[in-house]
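Everything below concerns the one structure shown next.
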Amino acid sequence: MFVIPFCDRQAFEAHGRGYLSHVCVDVEGQLYPVFFYDPIRLSQDLQTNDENGRPFLADAGMIVVSEITLETMQNAIQHLYVEGFFNRFVPITYQQLALASSADPYSWPPRTFT
C-alpha cells in the first residue's frame, strides 16, 4: 500500500507531529501522492496561516485522520479507495516519483514530468 516505506521511529515521530507528508500509495498498481494530517495539527496550521494573512489550508492529496498511525492511515486509504476517491486524481509512475524525489526531495507532491 505505501510505496515509500517508513520505520517505527518515523511513524512515532509523525504521530507526535500530527502529520505525515511524502507518502505515496499504490492503489491497484497506480501511484498516488498523499499527505496525512490529524485534526489538532490541521487546526494549528490553519491558525498560523490565518495569522499570516492566508486564512485557508490546501494540500494536494490531503487526508485528515483522527490520529497519525499506520492503522488509521491504512484504514483511510482502504475506505477512500472503495469510495472512488483516487479516481479524481492522475496517478504518477515510479519513474516520475524517482525523478521528482531526486530533483527536489522537499517538494511534495511530486510534479510530473513529460
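FYI, it's all coordinate maths here, none of it is from the lab. Given the structure is predicted, the values throughout are model-derived calculations rather than measurements. When we count neighbours, we look across all protein chains shown, and the Cβ atoms used for this are built from the backbone with ideal geometry, even at glycine.
Which net charge results when you count Lys and Arg as +1 and Asp and Glu as -1 among the other residues whose beta-carbon is under 13 Å from that of Asn75? Cβ neighbours under 13 Å give a net charge of -3. Among Gly16, Phe2, Tyr32, which residue has its Cα furthest toward the positive end of the charge dipole of the chain, with +1 on Lys/Arg Cβ and -1 on Asp/Glu Cβ? Farthest towards the positive pole: Tyr32.
What the Cβ-Cβ distance of Leu99 and Leu46 gives, at R0 = 30 Å and to the nearest 0.05, is a FRET efficiency of 0.40. For Leu31, the residues whose amide H sits under 5 Å from its own are Ile92, ignoring neighbours fewer than 5 places away on the same chain, with H placed 1.01 Å from N. Placing unit charges on each Cβ (+1 for Lys and Arg, -1 for Asp and Glu) gives the chain a dipole about its Cα centre, and among Ala76, Gln95, Ser66 the Cα reaching farthest toward its positive end belongs to Gln95. Annotation note: trypsin sites (Lys or Arg not before Pro) in the stretch 1-104 located in DSSP loop regions with a Cβ neighbour count of at most 15 within 10 Å are absent. Charging the Cβ of each Asp and Glu at -1 and of each Lys and Arg at +1, and nothing else, the dipole of the stretch 6-62 about its Cα centre rounds to 120 debye. Calculated mean residue ellipticity, 222 nm, the chain: -12500 deg cm²/dmol, from DSSP H runs (n ≥ 4) at -39500 (n - 2.57) each, averaged per residue and rounded to 500. Only the Cβ atoms of Lys and Arg (+1) and of Asp and Glu (-1) were treated as charged; on that basis the dipole of the stretch 8-103 about its Cα centre amounts to roughly 200 debye. Amide H contacts for Val23 (H built 1.01 Å from N in the peptide plane; partners 5 or more residues away or on another chain; cut-off under 5 Å): Val34. Normalised by 2.2 N^0.38 Å, where N is the number of residues, the C-alpha radius of gyration of the chain stands at 1.08.
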